[in-house]
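Undergrad: Questions regarding the structure given below will be posed in turn.
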Amino acid sequence: MELTADRVDEAARMLLGWRLTANGVSVRLTEVEAYSGLGQDPASHAHRGMTSRNEVMFGPAGKLYVYQIYGMHFCANVVCGEEGVASAVLLRAGAVVDGIEVARSRRSARTDADLAAGPAKLMQVLGLDRAANGSDVVDGTGPATLTPPAEPVTGVQAGPRVGVTAAHDVPWRFWAEGDPTVSAYRRHIPRERRKKR
């Protein structure tokens, strides 16, 4: 199974429909976002170079890059570039296809479609956190396993990324058209700075 592609946007599009399984729950990926690397993508964690936080993004492909937001939620990216070149795909949303009762016990939601309809929600239903950072999703050694679908997803839509302050109009968010698990798009609105008196 090959997770690399010539371009990160191609890799992101390819990951739609793949199944991510961890801790008794399987999710079919319905929404992803691509992030490129050093000096190419100002919205990427790797834009300014390698740090202890983002070093997993620099490969090899097939690793999970997990980070925390707002001091409480975790998000996961699948590294998909060649080793030494930062490139990763944020797993934005999915449909729970196996282990629904376990998923419900980890996260309350209005509907089953909302269980993993966002990057932090996805991690919560899979029972994954920062401990999964750097683990392999391909070779079976990590807490999560990624497997391809029998058929590629058709009806793929593309649009701007969500919640980023830079390069927010780059159409590197991909989703399965009409799927109810896809998260709602919210354009980034910069905060106004208070003027000093």
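Undergrad: If I take R0 = 25 Å and measure r between the Cβ atoms of H73 and M50 in this structure, what FRET efficiency does the formula 1/(1 + (r/R0)^6) give, to the nearest 0.05?
TA: For H73 and M50, the calculated efficiency is 0.55.
Undergrad: Say a site is exposed when it is one of the chymotrypsin sites (Phe, Trp or Tyr not before Pro), sits in a DSSP loop, and has at most 14 other Cβ atoms within 10 Å; what is then the longest site-free stretch of the chain?
TA: For chymotrypsin sites (Phe, Trp or Tyr not before Pro) (loop position, at most 14 other Cβ atoms within 10 Å), the longest site-free span of the chain is 71-184.
Undergrad: Taking only DSSP H segments of four or more residues, each worth -39500 (n - 2.57), what value at 222 nm results for the chain once the sum is divided by all its residues, to the nearest 500 deg cm²/dmol?
TA: Helix contribution divided over all residues of the chain: -3000 deg cm²/dmol.
Undergrad: To make sure I understand, if each residue's beta carbon is the centre and we count other beta carbons within 10 Å, what order do I100, I69 fall in, fewest to most?
TA: Ordered from fewest to most neighbouring Cβ atoms within 10 Å, I100, I69 come out as I69, I100.
Undergrad: For a quick check: sort M57, M14, M72 by the number of other beta carbons within 10 angstrom, fewest at the front.
TA: Result, fewest neighbours first: M72, M14, M57.
Undergrad: Another question about this same structure. Give the Debye-formula value of log10 I(q)/I(0) at each listed q (0.16, 0.32 Å⁻¹), with one equal scatterer per alpha carbon of the range 72-120, two decimals each.
TA: Debye curve over Cα of the range 72-120, log10 I(q)/I(0) at q = 0.16, 0.32 Å⁻¹: -0.55, -1.21.
Undergrad: Here's another thing I want to ask about it. Under a Cβ-Cβ cut-off of 12 Å, what is the net charge of the residues other than V79 that fall near it, where Lys and Arg count +1 and Asp and Glu count -1?
TA: Result for the local shell: -3.
Undergrad: Which whole-Hz ³J(HN,Hα) couplings does the range 131-141 yield from phi under the Karplus relation 6.51 cos²θ - 1.76 cosθ + 1.60, θ = phi - 60°, glycine and proline marked x?
TA: Values per residue, Gly and Pro as x: 4, 7, 4, x, 6, 9, 9, 10, 8, x, 8 Hz.
Undergrad: Could you give me the percent of Cα pairs per 10 Å distance bin for the chain, shortest bin first, beginning at zero and ending with the bin that holds the maximum distance?
TA: 10, 38, 38, 12, 2, 1, 0
Undergrad: Relative contact order of the chain, please, whole-number percent, based on alpha carbon pairs below 8 angstrom and at least 6 residues apart.
TA: This gives 25 percent for the chain.
Undergrad: Counting other C-beta atoms within 10 Å, which of R92, R110, R28, R53 has the fewest, and how do the rest follow?
TA: In order of increasing Cβ crowding within 10 Å: R110, R53, R28, R92.
The numbers here are math on the coordinates, done by the rules we state, and not lab data. This one's a predicted model, so the numbers in the text were calculated from it and none came from an experiment. Positions of Cβ are generated from backbone atoms using ideal geometry, with glycine treated the same way; all protein chains shown enter the neighbour counts.
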